[in-house]
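Have a look at the structure that comes next, please.
The values are calculated or read from the model by the stated rules, or taken from the named source; none is laboratory data. All of these numbers come straight from a predicted model, not from anything done at the bench. As a convention, Cβ positions derive from the backbone with ideal geometry for all residues, glycine included, and neighbour counts pool all protein chains shown. Just the protein is used for accessible areas: all its heavy atoms, side chains included, with ligands, DNA and RNA removed. Shrake-Rupley method; radii C 1.70, N 1.55, O 1.52, S 1.80 Å.
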Amino acid sequence: VLMDDDFVVGHAESIWRDWTHNGKTYRVYGLSGVFIFPDYQREGHGRALVQAVTDYCAHQPDADIGMLWCEPHLRDFYVACGWHAMDNTVTLLGDTPQAAQIHDEELLFMRFFSQRGHRDHFAGQGLYFGWTTW
């Protein structure tokens, strides 16, 4: 949480889950709930919050990868914050991998924190999450 005296300027959350892809289980740390009050936007506060949460995730000893999903108009912002746009990778949501549908309302971004979580393991593939990403 970023404060200006007693006013909340913005916030961001770190979340995690164990996620299995192609028979391997990864510890995924995520970035979620990023918000900066409009009067404080375009002053670097969002980037500072994203950097702080990203650093926290990257320094977890069990972190393999980081993920976030965002609206398309925020692409340049997250790329500038060091996140990798996974343009050829699709998010699949549903009951089973066979019945999953492509979730394409938001863009997937990833960071790679361990040797186990290498970009080549995910790029250009369908990534199944069940009914929800988090």
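With only Lys, Arg, Asp and Glu charged, each at its Cβ (+1 for the first two, -1 for the last two), find how big the charge dipole of the chain is about the Cα centre; round to the nearest 20 debye.
It comes to approximately 600 debye.
Karplus couplings for the stretch 58-75 from phi (6.51 cos²θ - 1.76 cosθ + 1.60, θ = phi - 60°), rounded to Hz, Gly and Pro as x?
In residue order, the calculated couplings are 5, 8, 6, x, 9, 6, 9, 9, x, 9, 8, 10, 8, 5, x, 5, 9, 3 Hz.
Further, regarding this structure: Can you tell me the FRET efficiency between THR25 and ASP76 if r is taken as the Cβ-Cβ distance and R0 is 35 Å, rounded to the nearest 0.05?
Efficiency, from the Cβ-Cβ distance: 0.60.
Please list 3J(HN,Hα) in residue order for the stretch 94-101, calculated via the Karplus relation 6.51 cos²θ - 1.76 cosθ + 1.60 where θ = phi - 60°; whole Hz, with x for glycine and proline.
Taking θ as phi minus 60°, the curve returns x, 4, 9, x, 6, 9, 5, 10 Hz for the stretch 94-101.
With labels modelled as points extended 7 Å from the Cα through the Cβ direction, what inter-label distance (nm, one decimal) is found for PHE35 paired with ASP62?
2.9 nm
Using a probe of 1.4 angstrom, how much of the accessible area of the stretch 32-114 is carbon and sulfur, in percent?
The value for the stretch 32-114 is 50 percent carbon and sulfur by accessible area.
Let me ask something else. Taking the solvent-accessible surface of protein heavy atoms with a 1.4 Å probe, what is the per residue accessible area of the stretch 1-125 in Å²?
Here the residues of the stretch 1-125 average 59 Å² of exposed surface.
How many nm is it between the label spots at ASP5 and ARG47, if each spot is 7 Å from the Cα in line with the beta carbon?
So the two model labels end up 2.7 nm from each other.
Give me P(r) over the stretch 4-85, computed from all C-alpha to C-alpha distances, binned every 5 Å, as integer percentages.
Computed distribution, short to long bins: 3, 13, 23, 23, 17, 11, 6, 2, 1, 0.
If the viscosity is 1.306 mPa s and the temperature 10 °C, what Stokes-Einstein diffusion coefficient in µm²/s follows for the stretch 59-134 when Rh is the Kirkwood radius over Cα pairs?
Once the numbers are plugged in, D ends up at 122 µm²/s.
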